[in-house]
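Down below is the structure, laid out as structure tokens.
The values are calculated or read from the model by the stated rules, or taken from the named source; none is laboratory data. Being a predicted model, the structure only gives us computed values, none of them experimental. All Cβ positions, even for glycine, are placed from backbone atoms using ideal geometry, and neighbour counts span all protein chains on display. These accessible areas exclude ligands, DNA and RNA; they are computed on the full protein's heavy atoms, side chains included. Shrake-Rupley method; radii C 1.70, N 1.55, O 1.52, S 1.80 Å.
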Amino acid sequence: AFFSYAGSPICNNRIHELKEEYSQFISDNFEVIVVFESTVETLKEYSVDADIPFIVVADPELKLYKKFGVERSLGKMIKTIFKKKPKKDKKKGKELYGNKKYKKDGARTRIPAEFILGEGRVRKAYYGSYLGDYLPLYQINQF
């Protein structure tokens, strides 16, 4: 899963969802790897505070983002404003991990992307159409 920066309220909400499903993922022989634009220093603090049980990768040079074609888009970021997401999701994302502020060392226009890898290839690629658009958990669980 590719995210923008550590501490982003929208990303926090998804991290929380992945944490809630993590034991199921492990029992299904899945491993979760999340990639952030943030630096190693920022992610060390964030990973401890958020008690993240899965692999967290810092990619401030954007090498993995480029390899997987993960985009930045002002248009898609603006589209997010018009989505009817419950306000509680954004509020929950801000409240998770004690409302702590982290360095915003990534693009606010980064659109999320998630991939299921297996058997040496990409089995499912999902590119969000707005901030907060992630691969539905039920689709992940179908693998």
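Quick notes
- Take the Cβ atoms of Thr80 and Ser23, set R0 to 35 Å, and the FRET efficiency comes out at 0.70.
- Stretch in the chain that is longest and holds no trypsin sites (Lys or Arg not before Pro) that DSSP places in a loop and that have at most 15 other beta carbons within 10 Å: 1-82
- Cleavage-rule hits, GluC sites (Glu not before Pro), region 1-92, DSSP coil, Cβ neighbours within 10 Å at most 13: Glu31, Glu61
- 1.4 Å probe accessible area per residue over region 16-70, in Å²: 56 Å²
- Overall Cα dimensions of the chain, principal axis frame, Å, largest first: 37, 33, 33
- Only the Cβ atoms of Lys and Arg (+1) and of Asp and Glu (-1) were treated as charged; on that basis the dipole of the chain about its Cα centre amounts to roughly 900 debye.
- Pairs over the 26 Å Cα-Cα cut-off, from the set Lys63/Lys124; Lys44/Lys76; Lys104/Lys124; Lys63/Lys83: Lys44/Lys76; Lys104/Lys124; Lys63/Lys83.
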